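Worksheet: one structure, shown below.
The values are calculated or read from the model by the stated rules, or taken from the named source; none is laboratory data. Remember, predicted model here, so these are calculated numbers, not experimental data. All Cβ positions, even for glycine, are placed from backbone atoms using ideal geometry, and neighbour counts span all protein chains on display.
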Amino acid sequence: MSKVSKVLMAFAILALAVVGCQKEPISPMAPMLDTKTSSAIGPGATMVTSATLHLFTATESTVPLDIHRVTASWQEMIVTWNNFGGAFDATIWTSFTANTFGWKAVDITSIVQAWADDTYPNYGMLLDKEGVSQRSEFVSSEAINIQHPWVEICTDAGCDTIVLTEDTYINENEPATNFGLAGLLSGVDNTTSKEKQILLWFPVPTLEDPVAAIGDRVWYDNNMDGIQNNGEAGVPGVTVQLFDCQGNLLDEMLTDASGWYLFENLTPGDYHVKFSDLPAGYVFTSQDQGGDDAVDSDADPLTGETICTSLVGGETDRTWDAGIYMPPSEGCSHTIGYWKTHAGIGSGNQGDEVSQYLPIWLGTAGGAKSRLVNTAQLAVNYLSMNVYGTNSNGITKLYGQLLGAKLSIADGAADGDIAATIAAADAFLALYDYTDWTGLTSAQKTMVIGWKDLLDQFNNGLIGPGHCDEGTSTMPVATTISAE
C-alpha cells in the first residue's frame, strides 16, 4: 500500500471513529446475545481444530493486548462501562501485539473450543491493555465498505467464516455512554488514567459429543493357546451382541467373512459384548492369555461374554476378540465283554479288534510279576477272569478290568479320570500277581478291589468319556500302549 493510500485509509477510519465517539447513548435496539447460536458449520463437528480472529489495525501499538473471557451477556447498542460492570474473567487466554497497520490474525482456538464444548457460556471476549496509555484502534463492523473484523473457525467437520456484528468498546472516562457505532479502541487515557476496553462476540459451532466404537474378531484358535497367531483364520457368521453394563441388549450383528465385527456410533459409556452361535462342535478357547489384549481371547469360556469396558468419546476399541476351537475327541469306552467277543476267537464272535493294540503290560513293563499280553488269546484269558485265578481272586478281576480299560484307551478313549488309578495298579502288579492274593493284608485287598471297581465304572461308561455304542470303534489306527 502506498503512503498516500495509507494516509487516506487512516483518515477515513479516524472519521468513522470520531463520529462514533461523539454520539449520544443509543436506545436498546439489539436482542440479547444467544450463547447457543451456531455458525454454518455442518453437522458432525466434535472438536474445534483452529479459530483465528482477524482485526484491521487502524492505530498501531507496541504494547500487547490481553484477551479475557466475558462472563455475562451484553448488547452492542446498550452496553456501557457502568452497565457492563467489569463482567469478565481475569484469566488471560492469550495476548497479541498489533504493531503494524493493516490486518492482524490472532489465534483464539483455546477459548473458542471452551465455548463450543460448553466448558463456558459464550458471552464473547474482552480486549484490554490495563494500565498502559498507548492506544490500539481497530476497524469495527459499523465501518462502511471497509475491512470488518471476522473470524475463521475450523472443526473436524469443516471451516466457516463469520463476520462480526457484535463489537464495540466501553470507556471508563465516559461510563454512561454507549459506543456501539464507533471504532474499536483499547488503552488508558494519558490524562485521566481511565481505560477503554474492546468487546467482541460471534457465534461458535455446536459440537456433537464424539462417538465411540467397539469390536474386533472371532478366530479359529487352531493350537488352543488362547492367542491369535499368524495363519489362524477368522470365523464368519458368529452372532455378536452388544449390551450395556445393566444387561440391556443394544444391538447385534454377525461376524463378516473374515471374522470381524464393529459396533459404531456409540454414545460414550460402559459396554460389553457376547459371542454365540458358534460352528457346531466348537467351544471358546482360554481367556486372557499372554500379555497383549489385542490378540488374546476375551470371551468367558462358559458364557461367551466379555467383561464391561468404558468407552470415551472418539475411542475405537478393537481389542475384544473370541478364539474358538474343536475339542479333541475323548472317544468312548467298551466293556470287557465287548473286547472278549471282538478278539476273533471262538465261533460266533466278531473279527479281531484286539491284536492291533497289543502288546499291553499288566504291571509296569519288565516288572518282576508284570504280565505281558501280546496275543489275542492271552487277552481273552485275562478278560475272562477265570484262567489266572478264580473269580473270587481280586487280582484276577483287576487283570480283566485293567486290560479292558487299556484296550479302550488304545482305541481312543480319554484316560483323564483313571490315569492315576492305572499307574497305581501297574506299580502294584509289578510286585504282586494272582498267586499272592490270599497273602495280602486286608488293606491291600481293599485297595485292589477299589482299583478294580473304578476301572469297571470306566469300562461301563459311568465315568470317563462314556460308553461306546455297540460296534463303535473310536480309533481304527493301530497304536501300541505301554503301561509304563
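Under 7 Å by Cβ, and 6 or more places apart or on different chains, what pairs join a residue from the range 335-358 that is free of Cβ contacts under 8 Å to residues at least 60 places away in the same chain with one that is charged (D, E, K, R)?
That search, which allows pairs on different chains as well, returns HIS342/GLU353; ALA343/ASP352; GLY344/ASP352.
Going by the structure shown, is SER193 in contact with a strand residue (DSSP E or B) (Cβ under 8 Å, 6 or more places away or on another chain), of a type in the set (Ser, Thr, Tyr) and modelled with pLDDT under 95?
The answer is no for SER193.
Please go through the range 56-77 and pick out each residue that is among the acidic types (Asp, Glu) and either crowded, with 18+ Cβ neighbours inside 10 Å or within 19 Å of VAL151 (Cα to Cα) (or both).
ASP66, GLU76
Tell me whether the range 201-222 contains one or more residues that are touching a helix residue (DSSP H, G or I) at 6+ places or on another chain (Cβ under 9 Å), outside any strand (DSSP E or B) and aliphatic (A, V, I, L, M).
yes
Out of ALA294, ALA299, report the one residue that is exposed (fewer than 15 other Cβ atoms within 10 Å of the Cβ) and assigned to a loop (DSSP other than H, G, I, E, B).
From the options ALA294, ALA299, the qualifying one is ALA294.
State yes or no: is LYS104 basic (Lys, Arg) and within 18 Å of PHE84 (Cβ to Cβ)?
no
Can you go through GLY124, GLY102 and tell me which one is surrounded by 18 or more Cβ atoms within 10 Å (Cβ to Cβ) and closer than 20 Å to PHE56 by Cβ?
Residue meeting the stated conditions: GLY124.
Could you grab me the full set of residues in the range 368-380 that are more than 16 Å from VAL448 (Cβ to Cβ) and of a type in the set (Gly, Ala, Ser)?
Answer for the range 368-380, where residues must be more than 16 Å from VAL448 (Cβ to Cβ) and of a type in the set (Gly, Ala, Ser): ALA368, ALA376, ALA379.
Condition first: among the β-branched types (Val, Ile, Thr) and more than 16 Å from PHE179 (Cβ to Cβ). Now tell me which residues in the range 71-88 satisfy that.
THR71
Of the residues VAL238, VAL211, only one is within 18 Å of the chain's Cα centre (by Cα) and of a type in the set (A, V, I, L, M); which?
Testing whether each residue is within 18 Å of the chain's Cα centre (by Cα) and of a type in the set (A, V, I, L, M) leaves just VAL211.
Among the residues of the range 78-92, count how many are surrounded by 18 or more Cβ atoms within 10 Å (Cβ to Cβ) and of a type outside the set (Phe, Trp, Tyr).
3
ALA322 fails exactly one of the following numbered conditions: (1) without any contact (Cβ under 8 Å) to a residue 60 or more places away in the chain; (2) of a type outside the set (Ser, Thr, Tyr); (3) farther than 17 Å from LEU429 by Cβ. What is the number of that condition?
Single failed check for ALA322: (1).
Tell me the residue from ILE198, ILE170 that is surrounded by 23 or more Cβ atoms within 10 Å (Cβ to Cβ), out of contact with any helix residue (DSSP H, G or I) (no Cβ under 7 Å at 6 or more places or on another chain) and β-branched (Val, Ile, Thr), please.
Result: ILE198 is the single residue among ILE198, ILE170 that is surrounded by 23 or more Cβ atoms within 10 Å (Cβ to Cβ), out of contact with any helix residue (DSSP H, G or I) (no Cβ under 7 Å at 6 or more places or on another chain) and β-branched (Val, Ile, Thr).
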